[in-house]
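The values are calculated or read from the model by the stated rules, or taken from the named source; none is laboratory data. Please read these numbers as outputs of a predicted model, since none were measured by experiment. We place every Cβ from the backbone using ideal geometry, glycine too, and count neighbours over all the protein chains shown. Accessible surface is based on the protein model in full, side chains and every heavy atom, while ligands, DNA and RNA are left aside. Shrake-Rupley method; radii C 1.70, N 1.55, O 1.52, S 1.80 Å.
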Amino acid sequence: MLQTVAGPLALQHYTELLPLANDDMSPNQDTVKVAAVQAAPVAFDLPRSLTKVAHFTAEAAKAGADLVVFPEGFLSAYPWRYAFDATIGAREPRGRQWFAKYCDAAVAIPSPDFDSLARTAKENHVFLSLGIIEKEGGTLYCTAVLIDRNGTLLYRHRKLIPTAAERLVWGRGSGDGLIVADTEIGKVGGLICWENYMPAARLALYQKGIEIYIAPNADDLPCWIATMQHIAKEGRCFVINSNQFCKVSLFPTSPFQATHSFTNTPDHQVSDFPSDYPPFAASNPSDCKPDGSAWTADDVLSHGGSCIVGPLGMFIAEPVWDTEETVYAELRMGELTEAKMDFDPVGSYSRPDVFQLRVNTSPGTSVTFDA
C-alpha cells in the first residue's frame, strides 16, 4: 500500500513509499553511553585488523559503552591515495593484483570473519557498528553493519553511491539497506560518508524515526563537522561521527605486524600500510603530496575529527583531531522529545501536501528467476 511521506523533493518511478514512523516505541534506557573509535586498521591485513576491533571494543565496553562505533572501511582498509592503477581507457596488471589483495582483506556475510565480529559484540555485551569492505561474488561494497549485544546482525547498509574514484572498486547499494533498527537503546541507523549529502536518503531515515544516527566516514575537512551538526539539528537526532586517524606509517617490522598482541606503542596509533603499497612504496612510489614531495611515515592521511552531536546541533563531545582516541558521550534520550517542540522534519515542520518522497526498498538483484 502506498502512503504519503513528507519530503523536500519528489522522486519518480519508485515502487514503495516508506512506512510512517512508529512513535509509540521508545528506548528502554534513559541514558545511552556511546563510543566513537578514532583509529585506523592494519591496512590490507584482516586478521590483525579484527584484533584491533576486539581491543578497542573491549576497552570501550570496560568504560561502560552501550554502543561502539568504528569508521568507514575499518575492515580492512580505506585505500588512501590509490585508484588501483586505473586510468580512463586503461588498467594495469599491478592494480588488478592489489585489487585481489583488497578482496582477500574484505569480509563476506556470513563468514568466519564476520562470526568473529559477532563474538566481539556478544562477549563485550555491546552494540557494535562497524564500517567494512564487504565482498559478495566478484564485487566489493562499502558497508556499515550493526550487531546487537547477542551477536545478531541487525542491519547491513551498503553505500548507495561511492564517491569519485571509489566507484571503480566499490559497487552501489540499494534501498533495502535504508534500515533503522528499533533496539533497547533507541532507533539506530545511519549513512556512510558523502551519502550524508543526499537529502532524500536523510529524509528516509528521519521518516523511520531515527534517534541515534551513525555516520562512519573518511572526510576530515572542517566543513564536514558542520554537516554533522546540521544533520543532528535537522533530524532532531543524536549523531555519532567516526573517522580514522591515519598516517602513512610504513612499519613493516612493528610489533603489531609481527604478532597478534596489542601493546600501546606509537606504531599502534596509526595504520600499518604494507611496505610495497604503491602510493607510498619506498621504491618508485606512484603518488606524492600536493606540494610534489614524497610521502613520509609521519604524514597524516586523515586527521580524524570524530565527535558526537546532540539533537539541537550542539556538541556533546567536541571533535578530536590528530590523535588515536575513543570519543565518549552520554546521550540523554529525553532530549529527543524536547528538541521536537519546535521542529519535526517529518511531522510539524513538513508539508506532505506539497512534497513527497518515494523510496524503492527492493534488493538490488540483477536477475530474478521465475518458477
Item to check | Simple spin-label estimate for residue 282 and residue 351 in nanometres, 7 Å along Cα-Cβ | outcome: 6.4
Next on the checklist: Quick check on packing: order 299-307, 362-370 by the mean number of other C-beta atoms within 10 Å, highest mean leading.
Outcome noted: 299-307, 362-370
Next on the checklist: Give me the extension gain from residue 314 to residue 92: residue separation times 0.36 nm, minus the current Cα-Cα distance, reported in nm with one decimal.
Outcome noted: 75.2 nm
Next on the checklist: Can you compute the helix-only [θ] at 222 nm over the chain? Use -39500 (n - 2.57) per DSSP H run of at least 4 residues, normalise by all residues, nearest 500 deg cm²/dmol.
Outcome noted: -6000 deg cm²/dmol
Checklist entry - Which whole-number percent gives the relative contact order of the range 281-367, counting Cα pairs below 8 Å spaced six or more residues apart? => result 15
Next on the checklist: So for the range 99-227, averaging the separation of alpha carbon pairs under 8 Å that are six or more residues apart and normalising by length, what relative contact order in percent results?
Outcome noted: 16
Checklist entry - What are the residues whose amide H is under 5 Å from the amide H of residue 38, where those residues sit 5 or more places off or on another chain and H is modelled from the backbone? => result 325, 326, 327
Next on the checklist: Students often check this: by mean Cβ neighbours within 10 Å, which of 73-82, 280-289 ranks highest, and how do the rest follow?
Outcome noted: 73-82, 280-289
Checklist outcome for this item: Per the C-alpha gyration tensor (a ≥ b ≥ c, the square roots of its eigenvalues), the range 292-349 is rounded if a/c is under 1.5, else prolate if a/b beats b/c, else oblate; here it's prolate
Checklist entry - Hey, got the dipole for the range 77-227? About the Cα centre, +1 on K and R Cβ, -1 on D and E Cβ, debye to the nearest 20? => result 320
Checklist entry - Which of the aspartates and glutamates could be linked to residue 135 by a straight reach, that is with a Cα gap under 13 Å, when you skip same-chain ones fewer than 8 residues away? => result 104, 113
Checklist entry - For the chain, with every protein chain kept in place, what is the accessible area per residue (1.4 Å probe, Å²)? => result 44
Item to check | Potential lengthening between residue 371 and residue 182 on full extension [0.36 nm per residue; Cα-Cα distance subtracted] | outcome: 64.5 nm
